Amino acid sequence: MANSAQARKRARQSEITRKRNATMKSTLRTAVKSVKKAIIAGDKAAAAKTLQISQGIIDRVADKKIVHKNLASRTKSRLAQAIKAMSA
């Protein structure tokens with residue numbers, strides 16, 4: 001347990017940051033799932049629209065360094081590739 005006032009404050013701050021990061025990661029996962037669900041449904045236009053919305057979320061999470069920028073880029077690329085592979 002933290003003994004100094006500084007360490008107690010740092011523990012409080014870390015907990016708040018951990019919760020915020022967990023929320024943002026959850027938002028990221030939800031955005032990716034929504035695109036995958038649209039792809040499975042087979043509607044290419046809807047999937048592309050969902051991807052466009054999700055890209056903003058993915059980029060926002062990466063900009064805040066909650067996930068690495070390469071992970072965000074890779075995720076967007078794979079989703080776009082999956083949509084492109086769909087039959088019109």
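Derivation of every value follows stated rules applied to the coordinates shown; laboratory data play no part. Just so it is clear, the model here is predicted, and its values are computed rather than measured. Cβ placement follows ideal geometry from the backbone for every residue including glycine, while neighbour counts extend to all protein chains displayed.
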- Taking the range 16-36 and keeping residues over 11 Å from the mean Cα position of the chain (by Cα) and closer than 17 Å to K65 by Cα leaves I16, T17, R18, K19, R20
- Query: So which residues in the range 26-68 are among the hydrophobic types (A, V, I, L, M, F, W, C), under 12 Å from A80 (Cβ atoms) and free of Cβ contacts under 8 Å to residues at least 40 places away in the same chain, if there are any at all?
  - Reply: A47, A48, L51, I58
- Item | Selection within the range 45-60 - of a type in the set (D, E, K, R) and more than 17 Å from N21 (Cα to Cα) | K49
- Which of the residues spanning the range 11-44 are in contact with a helix residue (DSSP H, G or I) (Cβ under 8 Å, 6 or more places away or on another chain) and polar (S, T, N, Q)? T27, S34
